[in-house]
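Structure first, then comments.
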Amino acid sequence: MKVFRFFEYAYLAIMFFFIYQAYAEWGEEGGKSMLYLFFAALAIFMFFFKRKFRKRFEANNKN
């Protein structure tokens, strides 16, 4: 179960990385800041999806 929790928080770390990259390249010509923001949104979605999946998995294993 700790492995599942580790990957949840890895998605948060990835989100912060992409937000930082978007901030760093925001004003540049031809920058990829919007792409980085998309990946950050995808990472936060995956965090909540994995969390819900883990909690459902734990509830089913208790029974």
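The values are calculated or read from the model by the stated rules, or taken from the named source; none is laboratory data. What you see is a predicted model, and the numbers here were worked out from it, not measured in a lab. For neighbour counting, all protein chains shown are included, and Cβ atoms are generated from backbone atoms with ideal geometry for every residue, glycine included. Please note that ligands, DNA and RNA were not included when accessible areas were found on the heavy atoms of the full protein model with its side chains. Shrake-Rupley method; radii C 1.70, N 1.55, O 1.52, S 1.80 Å.
Worth pointing out:
- Number of residues in the range 19-47 that are small (Gly, Ala, Ser) and assigned to a loop (DSSP other than H, G, I, E, B) equals 3.
- Within the set 55, 32, the sole residue that is modelled with pLDDT under 95, touching an Asp or Glu at 6+ places or on another chain (Cβ under 7 Å) and of a type in the set (Lys, Arg) turns out to be 32.
- Single residue of 50, 32 found to be out of contact with any Lys or Arg (no Cβ under 7 Å at 6 or more places or on another chain) and either open to solvent by less than 70 Å² (accessible area, probe 1.4 Å) or within 24 Å of residue 61 (Cα to Cα) (or both): 50
- Exactly one residue among 16, 4 is part of a helix (DSSP H, G or I), in contact (Cβ under 8 Å) with a residue 40 or more places away in the chain and either in contact with a Lys or Arg (Cβ under 9 Å, 6 or more places away or on another chain) or open to solvent by 100 Å² or more (accessible area, probe 1.4 Å) (or both), and that residue is 4.
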